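The values are calculated or read from the model by the stated rules, or taken from the named source; none is laboratory data. If you're wondering where the values come from, they're calculated on a predicted model, not measured in any experiment. Glycine gets a Cβ as well: all are built from the backbone with ideal geometry, and neighbour counts include every protein chain shown.
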């Protein structure tokens with residue numbers, strides 16, 4: 001499971017990866033991620049919380065690459 005939270009005033013996007021993450025989990029949050037990124041100003045920061053991650057399927061790499069491209073396009077300043 002992937003949980004995404006954004007705080008516009010802190011210019012922060014928080015992504016929590018929980019349990020076993022599959023490509024389908026990443027695809028299921030893609031539209032939410034796009035919407036949250038649209039609300040954040042350039043220069044936002046990304047915090048990826050992996051403390052509850054048990055396993056990420058290697059097939060997630062392609063979807064993670066798409067997310068990284070979105071972060072870059074929106075002007076992420078710190079990951």
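Considering each residue of the stretch 40-64, count those that are without any contact (Cβ under 8 Å) to a residue 12 or more places away in the chain and in contact with a strand residue (DSSP E or B) (Cβ under 9 Å, 6 or more places away or on another chain), and give that number.
First, pick out the residues of the stretch 40-64 that are without any contact (Cβ under 8 Å) to a residue 12 or more places away in the chain: 51, 58, 61.
Retained after the next criterion (residues that are in contact with a strand residue (DSSP E or B) (Cβ under 9 Å, 6 or more places away or on another chain)): 51.
Within the stretch 40-64, residues that are without any contact (Cβ under 8 Å) to a residue 12 or more places away in the chain and in contact with a strand residue (DSSP E or B) (Cβ under 9 Å, 6 or more places away or on another chain) number 1.
What tally of residues in the stretch 47-63 results from selecting those that are in contact with a helix residue (DSSP H, G or I) (Cβ under 9 Å, 6 or more places away or on another chain) and surrounded by 13 or more Cβ atoms within 10 Å (Cβ to Cβ)?
The total comes to 4.
Of the residues that sit in the stretch 8-22 and are within 13 Å of the chain's Cα centre (by Cα) and under 13 Å from residue 37 (Cα atoms), which one is surrounded by the most Cβ atoms within 10 Å (Cβ to Cβ)?
So in the stretch 8-22, the residues within 13 Å of the chain's Cα centre (by Cα) come out as 12-18, 21.
Going one step further and asking which of them are under 13 Å from residue 37 (Cα atoms), we end up with 12-15.
Numbers: 12: 15, 13: 24, 14: 16, 15: 19.
The qualifying residue surrounded by the most Cβ atoms within 10 Å (Cβ to Cβ) is 13.
Give the stretch 8-29 a look and list any residue that's out of contact with any strand residue (DSSP E or B) (no Cβ under 9 Å at 6 or more places or on another chain) and either modelled with pLDDT under 95 or over 19 Å from residue 73 (Cα atoms) (or both), or say none. Lay out the reasoning, then the answer.
Here is the first cut: in the stretch 8-29, the ones out of contact with any strand residue (DSSP E or B) (no Cβ under 9 Å at 6 or more places or on another chain) are 8-9, 23-24, 27.
Those that are out of contact with any strand residue (DSSP E or B) (no Cβ under 9 Å at 6 or more places or on another chain) and either modelled with pLDDT under 95 or over 19 Å from residue 73 (Cα atoms) (or both): 8, 9, 23, 24.
Restricting to the stretch 38-65, count the residues that are within 10 Å of the chain's Cα centre (by Cα) and over 23 Å from residue 9 (Cβ atoms).
So the answer is 1.
Only residues that are surrounded by fewer than 16 Cβ atoms within 10 Å (Cβ to Cβ) and assigned to a helix (DSSP H, G or I): list them for the stretch 23-43, please. Reasoning before the result, please.
To start, the set of residues in the stretch 23-43 that are surrounded by fewer than 16 Cβ atoms within 10 Å (Cβ to Cβ) comprises 24, 27-28, 30-32, 34-35, 38-39, 41-43.
Within the stretch 23-43, 24, 27, 28, 30, 31, 32, 34, 35, 38, 39 meet the criteria.
Just the residues that are closer than 13 Å to residue 71 by Cβ and in contact with a strand residue (DSSP E or B) (Cβ under 8 Å, 6 or more places away or on another chain), please, taken from the stretch 30-39. Break it down into steps so the answer makes sense when it comes.
Step one: list which residues in the stretch 30-39 are closer than 13 Å to residue 71 by Cβ, which gives 30, 33-34, 36-38.
Listed by number, the residues that qualify are 33, 36, 37.
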